[in-house]
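Remarks on the structure that follows.
The values are calculated or read from the model by the stated rules, or taken from the named source; none is laboratory data. Owing to the predicted nature of the structure, the values given are computational and were not obtained by experimental measurement. Note that each Cβ is placed from the backbone with ideal geometry, even for glycine, and that neighbours are counted across all protein chains shown.
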Ligand SMILES: C[S@@+](CC[C@H](N)C(=O)[O-])C[C@H]1O[C@@H](n2cnc3c(N)ncnc32)[C@H](O)[C@@H]1O
């Protein structure tokens, strides 16, 4: 438990929470974001394509949407990891339906302890995953270990929207979000957690500082949808 925030980011707690909402995750995700989440992932995937990767790691893959989008647009192999067995179950089912099993492997694993050799991947993606890490810097450092020199790290994460949109967003996230979570996923707590974890997550410049501290180079961000989400891009230095 983080004493300054009272937010429990213990691995077992987080995986239990995502196991619980896995069956309704995709539907609710699109519904609650008015389908704008698709455009955020599209931005991420466009940036993946720019570095023309052969091997990609999708961390906190959840139900696999980022991984599938990458495979639709770019020929490569993907390793997709997550701590939630139930989210991975949904992702595996979708991989079979999309007939992409040959290009993707799913592994139950944690970001801070990746089951891969050093310098294995050209590109690593994490969409809406890093704010759940128990130890953000540990996760970022471990991802750098498995990234090839010159490889790219792409992070999509919630950030604090700018006024006047911030007032509307606050109203939405404190009221509609938990209510919809209760109605559709029968789990208001998970959607209160979503709001709180997003609210305390390092914002824009602070996140760039953390990436630099973890020795990522050329870190920058692009604000999306009035600053509600940021796409962070950074690289592992070449020797
Ligand atoms: C909000 S979902 C995002 C899923 C997917 N990337 C997407 O864009 O929809 C967050 C995911 O992160 C996973 N997760 C949380 N902490 C993790 C960790 N330390 N290591 C790996 N996965 C983690 C959760 O199990 C969950 O599936």
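When segment 84-132 is examined, which residues are found to be surrounded by fewer than 22 Cβ atoms within 10 Å (Cβ to Cβ), within 8 Å of the ligand (Cβ to nearest atom) and assigned to a loop (DSSP other than H, G, I, E, B)? Within segment 84-132, 109, 112, 128 meet the criteria.
Per the listing 44, 28, the residue uniquely surrounded by 16 or more Cβ atoms within 10 Å (Cβ to Cβ), in a helix (DSSP H, G or I) and more than 10 Å from the ligand (Cβ to nearest atom) is 28.
Scanning segment 133-145 for residues that are more than 11 Å from the ligand (Cβ to nearest atom) and in contact (Cβ under 8 Å) with a residue 40 or more places away in the chain yields 137, 140, 141, 144. Would you be able to say whether some residue in segment 5-15 is part of a loop (DSSP other than H, G, I, E, B) and more than 13 Å from the ligand (Cβ to nearest atom)? There is at least one residue in segment 5-15 that is part of a loop (DSSP other than H, G, I, E, B) and more than 13 Å from the ligand (Cβ to nearest atom). Annotation: of all residues in segment 47-64 being more than 12 Å from the ligand (Cβ to nearest atom) and part of a strand (DSSP E or B), the one that is surrounded by the most Cβ atoms within 10 Å (Cβ to Cβ) is 56. Within segment 142-160, which residues are farther than 24 Å from residue 11 by Cβ and surrounded by fewer than 19 Cβ atoms within 10 Å (Cβ to Cβ)? Residues satisfying the conditions are 148, 149, 150, 160. Answer yes or no as to whether residue 139 is at positive phi and surrounded by 14 or more Cβ atoms within 10 Å (Cβ to Cβ). Judged against the criteria, residue 139 is not a match.
For segment 66-75, the criterion of being more than 20 Å from residue 231 (Cβ to Cβ) and either within 12 Å of the ligand (Cβ to nearest atom) or exposed (fewer than 14 other Cβ atoms within 10 Å of the Cβ) (or both) is met by at least one residue. Scanning segment 216-239 for residues that are in contact with a strand residue (DSSP E or B) (Cβ under 8 Å, 6 or more places away or on another chain) and surrounded by fewer than 16 Cβ atoms within 10 Å (Cβ to Cβ) yields 217, 218, 220, 222, 223, 237, 238, 239. Of the helices (runs of 4 or more DSSP H) entirely within segment 156-239, those holding at least 1 residues that are modelled with pLDDT of 95 or more occupy 204-213.
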